[in-house]
Amino acid sequence: MKSRNMMALLCVLVLTAAGAFGEQWLTPINLGFGVPIAKVTTKDDFEFSEVAYAVNFGATFINMTNGLTFRLNTDLGFGSGEANGTDSDTGFDFDLTAGVGYSFVRTTRFVCGATVAFGIGHFGCDVKTVSVSTNWLLLGGDMTALYRFNRNWGISGNIGIYKILPAMSADIGGFESDIDGRYRIVPRVSAVFTY
């Protein structure tokens with residue numbers, strides 16, 4: 001219930017902010033599907049990889065005059081992985097990223113741009129009898145292409161490529177271990193509403 005309230009609040013904030021930007025701004029709101037792929041290592045030689053299937057929700061604010069672009073995005077889903085060669089049970093996957101960048105192609109039908117992004121992420125699952133929970137900070141970028149069928153509807157493709165920063169820790173069966181890093185890649189396809 002708590003996550004549903006957070007999503008409703010996020011929707012209200014995004015739509016309110018979008019209306020405040022005015023006519024020179026294009027504001028695509030996207031809802032789609034993503035496949036987060038991650039590999040995490042810790043300083044104690046624990047290695048974890050995951051593939052998830054996620055619902056993607058986000059908003060992009062594009063200044064059609066100068067190309068300035070802001071992006072807010074979240075992925076919520078379930079997936080499984082492998083920890084030190086052992087398959088895991090299905091677990092919960094989440095990330096939230098925000099970025100700023102430039103849209104270098106801006107026409108009435110097609111927009112293409114890139115943003116530098118910073119975010120947070122989490123994946124938790126069980127590996128045999130051991131519970132694994134990883135939290136991470138992300139730094140990377142998003143590349144997005146948007147095609148508009150008409151004034152309000154379109155489709156977008158996006159890929160996010162992030163470095164997992166060695167700033168958080170993993171809980172492995174009750175033992176804390178510092179994350180050493182690695183990567184997270186998230187390809188996404190979304191239906192888009194613009195106004």
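Checked against the criteria, GLY99 counts as small (Gly, Ala, Ser), in contact with an Asp or Glu (Cβ under 8 Å, 6 or more places away or on another chain), more than 16 Å from HIS122 (Cβ to Cβ) and open to solvent by less than 50 Å² (accessible area, probe 1.4 Å). Residues in the range 64-83 that are without any contact (Cβ under 8 Å) to a residue 40 or more places away in the chain and not charged (D, E, K, R): ASN66, LEU68, PHE78.
Results for (1) modelled with pLDDT under 95; (2) open to solvent by less than 40 Å² (accessible area, probe 1.4 Å); (3) among the small types (Gly, Ala, Ser), shown as yes or no for each residue.
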site	(1), (2), (3)
PHE92	yes, no, no
ASP95	yes, yes, no
VAL116	no, no, no
HIS122	yes, no, no
ALA145	no, yes, yes
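Scanning the range 30-63 for residues that are assigned to a strand (DSSP E or B), charged (D, E, K, R) and surrounded by fewer than 21 Cβ atoms within 10 Å (Cβ to Cβ) turns up LYS39, GLU47. Taking the criterion of being farther than 22 Å from THR86 by Cα and either more than 22 Å from the chain's Cα centre (by Cα) or part of a strand (DSSP E or B) (or both), would at least one residue in the range 166-184 satisfy it? Checked against the condition, which is being farther than 22 Å from THR86 by Cα and either more than 22 Å from the chain's Cα centre (by Cα) or part of a strand (DSSP E or B) (or both), the range 166-184 yields no hits at all.
Pairs are defined by a Cβ separation below 7 Å, a sequence spacing of at least 6 or placement on different chains, a first member in the range 42-56 that is closer than 18 Å to MET168 by Cβ and touching a residue at least 12 places away in the same chain (Cβ under 8 Å), and a second member that is open to solvent by 10 Å² or more (accessible area, probe 1.4 Å) and acidic (Asp, Glu); the pairs so defined are THR42/ASP178; THR42/ASP180; LYS43/ASP178; LYS43/ASP180; SER49/GLU82.
Of all the residues in the range 153-195, those that are open to solvent by 80 Å² or more (accessible area, probe 1.4 Å) and not charged (D, E, K, R) number 6.
The values are calculated or read from the model by the stated rules, or taken from the named source; none is laboratory data. This one's a predicted model, so the numbers in the text were calculated from it and none came from an experiment. Note: ideal-geometry Cβ built from the backbone for every residue, glycine included; neighbour counts use all protein chains shown. Side chains are part of the model used for accessible areas, which takes the heavy atoms of the whole protein and leaves out ligands, DNA and RNA. Shrake-Rupley method; radii C 1.70, N 1.55, O 1.52, S 1.80 Å.
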